[in-house]
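Derivation of every value follows stated rules applied to the coordinates shown; laboratory data play no part. The shown structure was predicted, so the numbers you read here are calculated from the model rather than taken from an experiment. Glycine also receives a Cβ, built like all others from the backbone with ideal geometry; neighbour counts cover every protein chain displayed.
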Amino acid sequence: MSFQRIASFLVFILFISQSLVFARMNGQNKRLKPVPDFGYVGNIVYVKKKVTAKHDKTKEWVTAYQNMPNYLYDKIKTGDHSHTTLEFKDGTQVGINQNTEVYIDTNTTVKNITKETFLKRIFLDVGSIWCKVTKQKENESFTVQTRGGVLGVRGTQFAVSTTGNNRMKVYVIEGTVMAGPSVNQLTQAIPAGYKATIERGKVIQEIEIGAGIAHIVADALGAPWYAHWGIDIGAGLAEGAPPQQIAINAAEDAAVWYIPYGGYGIGIARIFGFGGPPKPPPQPANLQPVGMVYTYTPTFSWSGIPGAKQYEVLVSRTPFQKQMPKSSWVWIARVDKNFVQYPETATFLMPGTTYWWTVAGLTSNGKLAGREAYPVQFTMGPESMLGKRTLYPTLLTPNNQELNTVLPDFSWNPFKGAKGYALLLGAKLKNGNLDNNFAVATIKTNNTDLRYQLSNPPLEPGKTYYWSVVPLDSQGNPFTRPAPPFSFTLPSAYQAGPTPVYPVTQMKQSQILHFEWRSWVSNISGYRLVVSQNQDLSDPILVKTTTAPWVNIRSSDLPLTPGQTYYWAVSNISLTGIVGASGQTASFQVSP
């Protein structure tokens with residue numbers, strides 16, 4: 001094999017590594033008969049740049065990603081300078097060249113299809129593909145269909161190209177490709193080392209090229225771009241080096257360097273005779289659960305890989321994407337075993353809901369070992385089979401009532417597994433839930449009750465508010481949805497009376513004792529302060545009027561005993577001299 005041919009194939013492989021893939025899934029190709037959708041058939045195993053995908057029977061475009069699962073009736077499309085590789089469950093690889101459209105289908109019928117096996121087919125609408133087909137089971141085959149005819153193979157390497165008309169070209173590298181107008185009429189054999197032109201299922205030209213893999217690939221999938229490679233290949237190649245030097249340098253590095261999946265399953269080592277294609281990096285396999293789950297705390301398990309000291313498990317509400325928003329993550333865990341149980345304190349897995357999960361092996365320093373596992377999905381069973389489970393805390397008070405204070409007391413029942421709680425307070429509901437656009441406060445606590453403080457955002461007298469509680473895990477993050485909100489209405493400004501500010505717990509003994517409160521109205525003549533040893537303010541030991549929302553009192557006028565609890569409250573005095581109802585009562589003790 002000449003240096004130029006070696007370089008041609010090397011360039012092709014490297015060119016693939018610069019890929020931009022557009023995967024579009026739909027089932028609208030009327031040429032193909034529909035069959036039962038048994039789902040998963042393989043994965044996109046090679047992609048480096050942005051990939052977009054549209055799933056079957058959906059209109060939403062999503063970002064595709066390496067290891068993205070593919071299903072029957074998915075349609076994959078590439079654009080200018082865009083490449084990708086699809087790997088079926090049996091190891092068959094299909095490299096999709098630039099400006100190509102393919103459709104994943106089955107050429108079997110409804111009568112003989114099973115969940116375990118189906119006759120696989122790729123419909124090539126336009127463009128070119130490279131196929132490396134594993135040996136098929138008895139009565140199975142892998143077929144490629146174009147408008148120009150059908151190709152059937154059982155353990156073969158070949159390339160196909162078509163411009164979308166009734167003609168296609170086939171380049172056979174290994175094995176034999178059978179051609180014909182339909183699956184049942186594959187009567188024309190194309191051996192390795194031959195290029196054939198097929199029109200309407202009939203071979204109209206067959207040429208022995210016998211030039212080796214590099215020439216076949218360059219001819220089938222496009223001439224190489226020599227000038228591009230000295231920059232992209234990296235170690236061992238000089239920028240701008242001539243093709244011969246590129247080939248020599250690549251050959252020297254071939255035993256230790258390859259592009260994973262970039263060559264559609266054919267490594268550089270194989271091209272230069274260094275013992276066959278390189279093995280793909282190891283990845284966790286045998287992921288469970290898959291399918292239906294009938295417990296709220298399933299156990300995730302997988303087969304381990306060499307070099308992994310720990311594993312990271314990720315569960316998502318949506319199919320995995322290259323750049324997933326954290327809002328779609330449900331749970332992440334790192335363990336040093338190849339199994340882990342979903343904890344009760346994690347976000348609830350909702351009955352009837354489908355989730356996606358994957359696992360990656362990590363080295364001792366936290367770097368990726370091998371490849372991340374192919375994502376799988378599971379669906380939670382119905383509540384009738386899972387059993388009823390409380391999904392949020394039970395709120396107690398206040399509940400749809402008018403209060404006599406602007407500093408309400410909140411309470412709720414404990415929730416199993418909670419390490420804390422967040423009280424959510426808002427001024428408006430949207431679809432029955434608290435609206436973040438009208439949020440007032442979020443207050444965290446380790447208790448199941450709390451009193452609203454003056455240091456919190458002020459609440460307006462006479463206004464209705466809504467509140468809820470969500471449990472928190474040990475990291476302070478919510479792990480269930482908030483409870484259905486309760487409401488309460490604050491008293492009007494005149495009914496509320498002033499709110500104590502100081503003292504509310506302790507007062508230091510001194511010659512001047514300071515009292516301060518917050519007033520909610522302005523058109524009044526003054527305030528009336530009452531201090532008592534009784535909670536109902538009976539038998540007061542001090543009654544004082546003032547025009548300011550504070551007052552200083554000499555300790556000789558109000559002798560207080562350390563350790564004794566005292567109570568106090570303030571009332572408004574109207575412009576006509578009428579004393580209104582007392583505001584909230586506060587208590588304090590005197591420290592020496």
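Values for this structure:
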read-out	value
Proximal lysine pairs, the stretch 285-386, alpha carbons under 20 Å, eight or more residues apart or interchain	4
Gain on full stretching of the segment that runs from GLU199 to ARG389 - 0.36 nm per residue minus C-alpha separation	62.1 nm
Nearest-20 debye value, the stretch 285-386 charge dipole, Cβ charges on Lys, Arg, Asp, Glu	380
The stretch 494-591: C-alpha gyration tensor shape, a/c 1.5 cut-off, then a/b vs b/c	prolate
Cα centre as origin, Lys/Arg/Asp/Glu Cβ charges: the stretch 494-591 dipole, Debye	180
From phi via Karplus (6.51, -1.76, 1.60), per-residue ³J(HN,Hα) for the stretch 576-592 in Hz, x at Gly/Pro	9, x, 7, 7, x, 5, 5, x, 4, 8, 10, 10, 7, 10, 9, 9, x
Total charge dipole magnitude, the stretch 398-544, about the Cα centre, Cβ charges on Lys, Arg, Asp, Glu only, Debye to nearest 20	300
Of MET380, GLY352, LEU362, farthest towards positive along the dipole that unit charges on Lys, Arg, Asp, Glu beta carbons give the stretch 285-386	LEU362
From the C-alpha gyration tensor of the stretch 537-585, square roots of 5λ in Å	23, 14, 9
Overall form of the stretch 395-491 per C-alpha gyration tensor (a/c, 1.5; a/b vs b/c)	prolate
Cut-off under 5 Å, modelled amide H: who pairs with ARG371 long-range	GLN283
Under 5 Å, built H, 5+ apart or other chain: amide partners of THR92	THR134
Residues whose placed amide H lies under 5 Å from that of MET507, excluding near-sequence neighbours	GLN589, VAL590, SER591
